[in-house]
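Chemist: Before I ask anything, let me first share the structure, which is written out below as structure tokens.
The values are calculated or read from the model by the stated rules, or taken from the named source; none is laboratory data. Computed from a prediction, not measured in an experiment: that's the story for all the values here. Positions of Cβ are generated from backbone atoms using ideal geometry, with glycine treated the same way; all protein chains shown enter the neighbour counts.
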Amino acid sequence: MKSTFRTILFWMHLVSGLVAGIIIGLMSLTGAALAFEPQLEQWADREARQVQPPPSGAARLPVEELLARVRAAKPGVQPQGVTVYADPESAVLVSTGRGSGVYVDPYTGDVREQGGKGLRAFLHQMEELHRWLATSEDHRALGRGVTGVCNAAFLFLAVSGLYLWWPRRWTWKTVRPVLWFKGGLKGKARDFNWHNAAGFWAMPILVVLTASGVVMSYKAVSDLIFTLTGNEPPANSGPFGQTAVKVPEPPPGATPLGVDALFAEAQKQVPAWESISLRMGGGPRPGGQREGGPREGAPREGGPRGPQAMTFSIKEQGGWPLFASAQLSLNPFTAEVLRRETFADYNSGRQIRTWLRFLHTGQALGWAGQLVAGVASLAGAFLMWTGFTLSWRRFFRRRSTVATTEQELEQPPVVS
């Protein structure tokens, strides 16, 4: 019975790899290319982001002035977010769209373009391929559906491959041939050894990457995380699920405070801040989630009427987890703190869901996690290649060998 199950599982493993292997290989290669995306973008921006503070210790320009400089330098472009860094030698980042923005010297107001246009275009293309096969807006749902199914197939391949690899008897003689890459092998023996050795070392990581990908691809699976931890799933997809913050009705004729006053209050709330980002409506939410709606406290179209809270994302120096940030919502008229949320305030479902989001890219564990995720992604592509070669030998080389043998038998013997 066990042998029958193993045979059935083997053929399911083989067919799943043949059907989804090309897409899985593509997702693995693009995932490896994106492993160090944040560091690559920071490296590309190193010149634009670096500023020289005045030797006299002159005060920084107001954030409102910096935003005005961006609007003047780029007519028709509406800033969607602004990030201020505690490092006095860092420029202020003004977001102008998804993945795009400019740097502004906080002392001179000089507007600088982001660096590495070619690199950014390449990374953007890799992300498009990885998430929805670079399909157009009209077919993006289909592309996302295909990558979601293939990612789920990859998870099955990882789990079933681990089961098929598992030795019937744990002895050094049985484990050694599939534990490490052996030299001097050729043909099927080489492919078999490479496939098993790569799978042994990469599969635990690939299980994490693919399982987290499944959670991100399917809201029902994401909601299950909340349900199993006894928490109500959020209405929107993703780990954030924040409810709107209600702003008290201001007195008649009241006007919103300036951005600088709100930034000053945000700095008071987290004295050891490393960076503070203000979402000005329509900009990207933490972790790539987008938030629609008007800007700077205006009522949202189709949403609740009335003023909207100004929401800051504050990164603290030496904070843990590495991806954690405090979410601060302020009254735009009084700078009163309406809500403050840190990672510790999240319910268990939201904490797990957020961890999975950043484990998928390896960023949850810093550059070391990104390196492991990148190498495992390359191993995933290698597994697809060796899996295809093993299948080719199984289905075609055998036929070729049999035909050659039959042809040799039909030929009359050579008489010398």
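Chemist: If we keep just the residues of the stretch 250-286 that are over 19 Å from Glu336 (Cα atoms) and assigned to a loop (DSSP other than H, G, I, E, B), which is modelled with the lowest pLDDT?
Modeler: Among those residues, the one meeting the criterion is Gly283.
Chemist: Would you call Arg144 closer than 14 Å to Met216 by Cβ, part of a helix (DSSP H, G or I) and without any contact (Cβ under 8 Å) to a residue 24 or more places away in the chain?
Modeler: Values: closer than 14 Å to Met216 by Cβ: yes; part of a helix (DSSP H, G or I): yes; without any contact (Cβ under 8 Å) to a residue 24 or more places away in the chain: no.
Criteria not met by Arg144.
Chemist: Here's another thing I want to ask about it. It is to be established whether one or more residues within the stretch 239-251 are of a type outside the set (Phe, Trp, Tyr), without any contact (Cβ under 8 Å) to a residue 40 or more places away in the chain and buried (at least 18 other Cβ atoms within 10 Å of the Cβ).
Modeler: No, the stretch 239-251 contains no residue that is of a type outside the set (Phe, Trp, Tyr), without any contact (Cβ under 8 Å) to a residue 40 or more places away in the chain and buried (at least 18 other Cβ atoms within 10 Å of the Cβ).
Chemist: I would also like to ask the following. Being crowded, with 16+ Cβ neighbours inside 10 Å, in a helix (DSSP H, G or I) and either in contact with a strand residue (DSSP E or B) (Cβ under 8 Å, 6 or more places away or on another chain) or free of Cβ contacts under 8 Å to residues at least 40 places away in the same chain (or both): is that true of Arg120 here?
Modeler: Working: crowded, with 16+ Cβ neighbours inside 10 Å: yes; in a helix (DSSP H, G or I): yes; either in contact with a strand residue (DSSP E or B) (Cβ under 8 Å, 6 or more places away or on another chain) or free of Cβ contacts under 8 Å to residues at least 40 places away in the same chain (or both): no.
No; evaluated as a whole, the condition is false for this residue.
Chemist: Being within 17 Å of Gly97 (Cα to Cα) and assigned to a loop (DSSP other than H, G, I, E, B) is the filter here; which residues of the stretch 50-79 pass it?
Modeler: Lys74, Pro75, Gly76, Val77, Gln78, Pro79
Chemist: Looking at the stretch 188-197, can you tell me whether even one residue there is in contact (Cβ under 8 Å) with a residue 24 or more places away in the chain, part of a helix (DSSP H, G or I), surrounded by fewer than 18 Cβ atoms within 10 Å (Cβ to Cβ) and touching a Lys or Arg at 6+ places or on another chain (Cβ under 7 Å)? Lay out the reasoning, then the answer.
Modeler: Keep residues of the stretch 188-197 that are in contact (Cβ under 8 Å) with a residue 24 or more places away in the chain, which gives 188, 191-192, 194-196.
Pick out the ones that are also part of a helix (DSSP H, G or I) and you get 188, 191-192, 194-196.
Checking which are surrounded by fewer than 18 Cβ atoms within 10 Å (Cβ to Cβ) leaves us with 188, 192.
When the remaining residues are screened for being touching a Lys or Arg at 6+ places or on another chain (Cβ under 7 Å), the result is 188.
Scanning the stretch 188-197, I find at least one residue that is in contact (Cβ under 8 Å) with a residue 24 or more places away in the chain, part of a helix (DSSP H, G or I), surrounded by fewer than 18 Cβ atoms within 10 Å (Cβ to Cβ) and touching a Lys or Arg at 6+ places or on another chain (Cβ under 7 Å), so the answer is yes.
Chemist: Scan the stretch 34-52 residue by residue and report those that are more than 14 Å from the chain's Cα centre (by Cα) and of a type outside the set (D, E, K, R). Can you show your working first?
Modeler: Here is the first cut: in the stretch 34-52, the residues more than 14 Å from the chain's Cα centre (by Cα) are 40-52.
Hits for the stretch 34-52 are Leu40, Gln42, Trp43, Ala44, Ala48, Gln50, Val51, Gln52.
Chemist: Could you tell me how many of the residues in the stretch 172-198 are among the hydrophobic types (A, V, I, L, M, F, W, C) and modelled with pLDDT of 85 or more? Talk me through it step by step, then tell me what you get.
Modeler: As a first pass, look at the stretch 172-198 and keep what is among the hydrophobic types (A, V, I, L, M, F, W, C): 172, 175, 178-181, 185, 189, 192, 194, 197-198.
Narrowing the set further to residues that are modelled with pLDDT of 85 or more leaves 189, 192, 194, 197-198.
Here the count works out to 5.
Chemist: Inspect the stretch 215-222 for any residue being assigned to a loop (DSSP other than H, G, I, E, B), assigned by TED's automatic domain parsing to the domain that holds Arg279 and touching a residue at least 60 places away in the same chain (Cβ under 8 Å) and give the result as yes or no. Please lay out each step first, then the result.
Modeler: Our first condition is that a residue be assigned to a loop (DSSP other than H, G, I, E, B); within the stretch 215-222, this holds for 218.
Subsequent filtering for residues that are assigned by TED's automatic domain parsing to the domain that holds Arg279 retains none.
No; the residues of the stretch 215-222 include none that is assigned to a loop (DSSP other than H, G, I, E, B), assigned by TED's automatic domain parsing to the domain that holds Arg279 and touching a residue at least 60 places away in the same chain (Cβ under 8 Å).
Chemist: Right, next: When the residues of the stretch 343-395 are narrowed to those that are among the aromatic types (Phe, Trp, Tyr) and farther than 23 Å from Leu34 by Cα, which ends up nearest to the chain's Cα centre (by Cα)?
Modeler: So in the stretch 343-395, the residues among the aromatic types (Phe, Trp, Tyr) come out as 343, 346, 355, 358, 367, 382, 385, 388, 392, 395.
From the residues that got through so far, the ones that are farther than 23 Å from Leu34 by Cα too are 343, 346, 388, 392, 395.
Details: Phe343: 19, Tyr346: 20, Phe388: 28, Trp392: 34, Phe395: 37 Å.
Checking each candidate, the answer is Phe343.
Chemist: Can you tell me which residue is surrounded by the fewest Cβ atoms within 10 Å (Cβ to Cβ) among those in the stretch 125-148 that are closer than 30 Å to Arg71 by Cα and at pLDDT 95 or above?
Modeler: Of everything passing the filter in the stretch 125-148, Gln125 is surrounded by the fewest Cβ atoms within 10 Å (Cβ to Cβ).
Chemist: Quick one: is Phe36 crowded, with 18+ Cβ neighbours inside 10 Å and of a type in the set (Phe, Trp, Tyr)? Break it down into steps so the answer makes sense when it comes.
Modeler: Values: crowded, with 18+ Cβ neighbours inside 10 Å: yes; of a type in the set (Phe, Trp, Tyr): yes.
For Phe36, the condition - crowded, with 18+ Cβ neighbours inside 10 Å and of a type in the set (Phe, Trp, Tyr) - is met.
Chemist: What pairs come up if the first residue lies in the stretch 327-342 and is closer than 13 Å to Ala264 by Cα, the second is of a type in the set (Asp, Glu) and part of a strand (DSSP E or B), and their beta carbons are under 9 Å apart, counting only those six or more places apart or on different chains?
Modeler: Going by the 9 Å Cβ cut-off, the qualifying pairs are Leu328/Glu341.
Chemist: Can you tell me which residues in the stretch 149-171 are among the β-branched types (Val, Ile, Thr) and either at pLDDT below 80 or in contact with a helix residue (DSSP H, G or I) (Cβ under 6 Å, 6 or more places away or on another chain) (or both)?
Modeler: Taking the stretch 149-171 first, the residues among the β-branched types (Val, Ile, Thr) are 149, 159, 171.
Residue satisfying the conditions is Thr171 alone.
Chemist: On to the next question. Looking only at the stretch 54-81, count every residue that is out of contact with any helix residue (DSSP H, G or I) (no Cβ under 6 Å at 6 or more places or on another chain), surrounded by 13 or more Cβ atoms within 10 Å (Cβ to Cβ) and not polar (S, T, N, Q) and tell me the total. Please lay out each step first, then the result.
Modeler: As a first pass, look at the stretch 54-81 and keep what is out of contact with any helix residue (DSSP H, G or I) (no Cβ under 6 Å at 6 or more places or on another chain): 54-61, 65-78, 80-81.
If we keep only those that are surrounded by 13 or more Cβ atoms within 10 Å (Cβ to Cβ) too, we end up with 60-61, 65-71, 73-74, 77-78, 80-81.
If we keep only those that are not polar (S, T, N, Q) too, we end up with 60-61, 65-71, 73-74, 77, 81.
So the answer is 13.
Chemist: Pick from Ala381, Ala368, Ala373, Ala364: which is of a type outside the set (Val, Ile, Thr), assigned by TED's automatic domain parsing to the domain that holds Gly199 and touching a Ser or Thr at 6+ places or on another chain (Cβ under 6 Å)?
Modeler: Working: Ala368 fails: touching a Ser or Thr at 6+ places or on another chain (Cβ under 6 Å); Ala373 fails: touching a Ser or Thr at 6+ places or on another chain (Cβ under 6 Å); Ala364 fails: touching a Ser or Thr at 6+ places or on another chain (Cβ under 6 Å).
Being of a type outside the set (Val, Ile, Thr), assigned by TED's automatic domain parsing to the domain that holds Gly199 and touching a Ser or Thr at 6+ places or on another chain (Cβ under 6 Å) holds for just one of Ala381, Ala368, Ala373, Ala364, which is Ala381.
Chemist: Here's something else I'd like to know. Quick check on this structure: which one of Leu328, Leu338, Leu322, Leu356 is over 24 Å from Asn193 (Cα atoms), crowded, with 20+ Cβ neighbours inside 10 Å and outside the structural domain of Leu164 (by TED's automatic domain parsing)?
Modeler: Values: Leu338 fails: crowded, with 20+ Cβ neighbours inside 10 Å; Leu322 fails: crowded, with 20+ Cβ neighbours inside 10 Å; Leu356 fails: outside the structural domain of Leu164 (by TED's automatic domain parsing).
Being over 24 Å from Asn193 (Cα atoms), crowded, with 20+ Cβ neighbours inside 10 Å and outside the structural domain of Leu164 (by TED's automatic domain parsing) holds for just one of Leu328, Leu338, Leu322, Leu356, which is Leu328.
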